[in-house]
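Working notes, beginning with the structure itself.
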Amino acid sequence: MSAPHTSVLLDEVIAALEPASGKLIVDGTFGAGGYSRAFLATGADVVAFDRDPSARKFAEGLGERFRLVDGRFSQMADELGEGVADGVALDLGVSSMQLDQAERGFSFMRDGPLDMRMGADGPTAADIVNTAEPAELARIFYVYGEERQSRRVASFIARRRAEQAFTRTLDLAEVIERALGGRRGAKVHPATRSFQGLRIAVNEELSELEAGLVAAERVLKPGGRLAVVTFHSLEDRIVKAFFTERAGKTPGGSRHAPPVEAGAPPSFQLLFNGARAPSEAETATNPRARSAKLRVGVRTSAPVWKETA
C-alpha cells in the first residue's frame, strides 16, 4: 500500500542505524511504514510500534521479518526484553496522514470533530477544552504550545463554552483567532500554537517521549544505536537533555523525567555532536522536514540508569 506520508531524514537515519541482515531494528513510530520498509530493504528484521489503529493497514504484505505491535513505543522493552535490539528509530510528532484526515481532529485546515487522539482511548481534545479549569488550559497552551497569550486564549474559551460546548475544530480555531486579534496578515494561523499544545496534552507526548527514551536504553544491545527525529523545540530539548545526561556530559536532567542515579557510568555515547538537519533538497521536496532535527546515541556496555522516585 502506498504511504500518504514521506519519512523525514530517512537517508540519515539509515546511515546512523546501519540496518543489515541479522540485525533487529525497532521502529517505534511506524506511521505509514516508511522507515520500516527501508529497514526491511537492507535485510534487517523489524518490530514496529504504533498506538494508532489506522496504521495497521500500512503493514500489509511486509513479510515474515516484520511485526507490528499495537501500542506505545514506551512499551518496547516490556514487549521485547532488554539488550536485544541493534537499533531504535523514533520519528516524533503527528504524521501527515493524521493531519490530512479531518475526522481525526488534529488540524483546523478542514473542519472535523475535536478529537486529536493518536490512539483509540483516553480523553479527547473536546473533553479537555470543555472541562479543564482556565488555569490548566492556559498552562497547556503556554507550556506545550508556547503560546505567549495563553491566559487570554483560555479566558475566551471559558466564556464561550459556558454558553455552548466545543465539538468541532474550526469552531475552536475561530474563537482562538478572535482571542488573538485575528490573522492580520500572519503567515501562521493564530490557533497553531494552541492546537499543538492541546495535541501534546491529549496524547501525553512529552511523558511518552521520556518513557520511550528510557525504554530504548533498556532494549538496545551494547553498540546499538538510538536515532530520534524531532519536529519542535519541546521534543528536541528532551532528547538533547537525555543524550547529554546519559553520555555523562552534565549532572542535570530533564524537568519532565524522574531524577536519575547520580554518578552512573555513561549508557550512551554521542554518534555526532549536536543535531543534524535535513538537506536543502529534502526541505524543497518535503516542507514538513523544515523543522526536523536528528540526534543519535550509541549504547555503551554500562548498565541501564536507575530511575529514582
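Just a few scattered comments:
- Residue within the stretch 159-171 that is buried (at least 24 other Cβ atoms within 10 Å of the Cβ) and modelled with pLDDT of 95 or more present: no
- Comparison of PHE195, PHE141 shows that the only residue that is buried (at least 24 other Cβ atoms within 10 Å of the Cβ), part of a helix (DSSP H, G or I) and in contact with an Asp or Glu (Cβ under 7 Å, 6 or more places away or on another chain) is PHE141.
- Among residues that are open to solvent by less than 20 Å² (accessible area, probe 1.4 Å) and under 12 Å from ILE128 (Cα atoms), ILE176 is not included.
- Residue count for the stretch 269-307 satisfying the condition of being open to solvent by less than 60 Å² (accessible area, probe 1.4 Å), over 14 Å from LEU226 (Cβ atoms) and not small (Gly, Ala, Ser): 5.
- Filter pass, ALA173 being part of a loop (DSSP other than H, G, I, E, B), hydrophobic (A, V, I, L, M, F, W, C) and touching a residue at least 24 places away in the same chain (Cβ under 8 Å): no
- ILE200 touching a residue at least 24 places away in the same chain (Cβ under 8 Å) and not small (Gly, Ala, Ser): yes
- Screening GLY263 with (1) at pLDDT below 95; (2) open to solvent by less than 50 Å² (accessible area, probe 1.4 Å) gives one miss only, at (2).
- Scanning the stretch 51-82 for residues being in contact with a Leu (Cβ under 7 Å, 6 or more places away or on another chain) and under 26 Å from GLU235 (Cα atoms) gives a total of 2.
- The residue that is most open to solvent (accessible area, probe 1.4 Å), counting only those in the stretch 1-28 that are farther than 21 Å from ARG299 by Cβ and part of a helix (DSSP H, G or I), is ASP11.
- Residues that are of a type outside the set (A, V, I, L, M, F, W, C), farther than 23 Å from THR230 by Cβ and in a strand (DSSP E or B), drawn from the stretch 29-67: ASP45, ARG67
- Filter pass, PRO123 being more than 30 Å from ILE25 (Cβ to Cβ), in contact (Cβ under 8 Å) with a residue 12 or more places away in the chain and open to solvent by 70 Å² or more (accessible area, probe 1.4 Å): yes
The values are calculated or read from the model by the stated rules, or taken from the named source; none is laboratory data. No experiment lies behind these values; they were computed from the predicted model shown. Ideal geometry is used to build each Cβ from the backbone, glycine not excepted, and the neighbour counts take in all protein chains shown. Note: areas computed on protein heavy atoms with side chains; ligands, DNA, RNA excluded. Shrake-Rupley method; radii C 1.70, N 1.55, O 1.52, S 1.80 Å.
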